[in-house]
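Working notes, beginning with the structure itself.
The values are calculated or read from the model by the stated rules, or taken from the named source; none is laboratory data. Computed from a predicted model, the values in this text were never measured in an experiment. Cβ coordinates were reconstructed from backbone atoms using ideal geometry, including for glycine residues, and neighbour counts include every protein chain displayed. Just so you know, the surface numbers come from the protein's heavy atoms only, side chains and all, with ligands and any DNA or RNA stripped out. Shrake-Rupley method; radii C 1.70, N 1.55, O 1.52, S 1.80 Å.
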Amino acid sequence: MKKLALLVAAALMCASMAACGSSSSSSGSASASAESSASASASASTEATASGEETTGDTLIMGTNAAFPPYEYYEGDQIVGIDADIAKALGDKLGMEVTIEDMDFNSLITAVQTGKIDMVLAGMTVTPDREENVSFTDSYATGIQSIIVTEDSEITGPDDLEGHKIGVQESTTGHIYCSDDYGEDNVIAYTTGANAVEALKTGKVDAVVIDNEPAKAFVEANEGLKVLDTEYTVEDYAIAVAKENTELLDKLNTALAELKEDGTIQSIIDKYITAE
Ligand code: ARG
């Protein structure tokens, strides 16, 4: 019964994600036409990817999962946030236009491996397992896995999670680490963090483990919840590119270093995250 309800919730969410996807792809197609005219005039910079597809050197397709404020979220039909701004700044440095593709978080690695997208900026944590499939740039931010509970909860830190139902976003580090530490049976994975938070509000789970900044945003948007002070893990966010795409990796690392050096990255982060 519970499983069925989950399936229904997941199906509903897919439907709404698809709706989001179409709005993002309509804005994507606007830049795609700009891209094709640009590539017509710059065919000399055409390069072959490992998958054998020809891509122009002028457009960078960023893949993300835009349900993760303040890193990526919708403002109207626009995807905004720290990652979107950083990608734009990188594009400006490299003289490339950036377009954004929104998809499920668990599709991102495959999408970059197959060349559907050029890079992932999604508050994605560098992990040894992911490094077997993609290359990561230098880190551009630190992430923390935090615990959200209801205000009256008896859970005060990671140790108290034992034996409780934990909600997570599917395929995230929160999902992976909680399954390892507390057993898969105690972990319920949702397509988005917002859905996990919804499950917490309705008592389907006792806690949600998710990155700290989205956790704060979700708690702010929902009454009766709090983020615990105790951190579960501390992680590095970086940009993922296809293993074969060493040229893009090098370009991104050089541009990233310059943007760190001149304070651009910090000012983008400060624009979205106010220091406590
Ligand atoms: N940092 C976590 C991870 O890499 C969660 C990232 C989720 N990002 C998103 N855009 N939904 O697994």
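For segment 81-128, filtered to residues that are within 12 Å of the ligand (Cβ to nearest atom) and among the hydroxyl-bearing types (Ser, Thr, Tyr), the residue that is nearest to Gly63 (Cα to Cα) is Ser107. Looking at the structure I just gave you, is Gly76 surrounded by fewer than 19 Cβ atoms within 10 Å (Cβ to Cβ), more than 9 Å from the ligand (Cβ to nearest atom), over 19 Å from Ala215 (Cα atoms) and more than 17 Å from the chain's Cα centre (by Cα)? It is true that Gly76 is surrounded by fewer than 19 Cβ atoms within 10 Å (Cβ to Cβ), more than 9 Å from the ligand (Cβ to nearest atom), over 19 Å from Ala215 (Cα atoms) and more than 17 Å from the chain's Cα centre (by Cα). With the structure loaded, tell me whether Ser171 is open to solvent by less than 10 Å² (accessible area, probe 1.4 Å), of a type in the set (Ser, Thr, Tyr) and within 16 Å of the ligand (Cβ to nearest atom) or whether it fails that test. Against the criterion (open to solvent by less than 10 Å² (accessible area, probe 1.4 Å), of a type in the set (Ser, Thr, Tyr) and within 16 Å of the ligand (Cβ to nearest atom)), Ser171 does not qualify.
Exactly one residue out of Lys93, Lys88, Lys116 is basic (Lys, Arg), open to solvent by 20 Å² or more (accessible area, probe 1.4 Å) and within 19 Å of Ala67 (Cα to Cα), and it is Lys88. Only residues that are under 24 Å from the mean Cα position of the chain (by Cα) and outside any loop (DSSP other than H, G, I, E, B) were counted across segment 134-180, and they come to 29.
Quick one: Glu131 ticks every box in (1) more than 13 Å from the ligand (Cβ to nearest atom); (2) more than 14 Å from the chain's Cα centre (by Cα) bar one, so which box is it? Glu131 satisfies all of (1) more than 13 Å from the ligand (Cβ to nearest atom); (2) more than 14 Å from the chain's Cα centre (by Cα) except (1).
Summed over segment 70-108, residues that are of a type in the set (A, V, I, L, M, F, W, C) and over 17 Å from Ser139 (Cα atoms) total 9. Here the condition is being in contact with a Ser or Thr (Cβ under 9 Å, 6 or more places away or on another chain), closer than 22 Å to Ala66 by Cα and either in contact (Cβ under 8 Å) with a residue 40 or more places away in the chain or more than 16 Å from the ligand (Cβ to nearest atom) (or both); of Glu235, Glu220, it holds for Glu235 alone.
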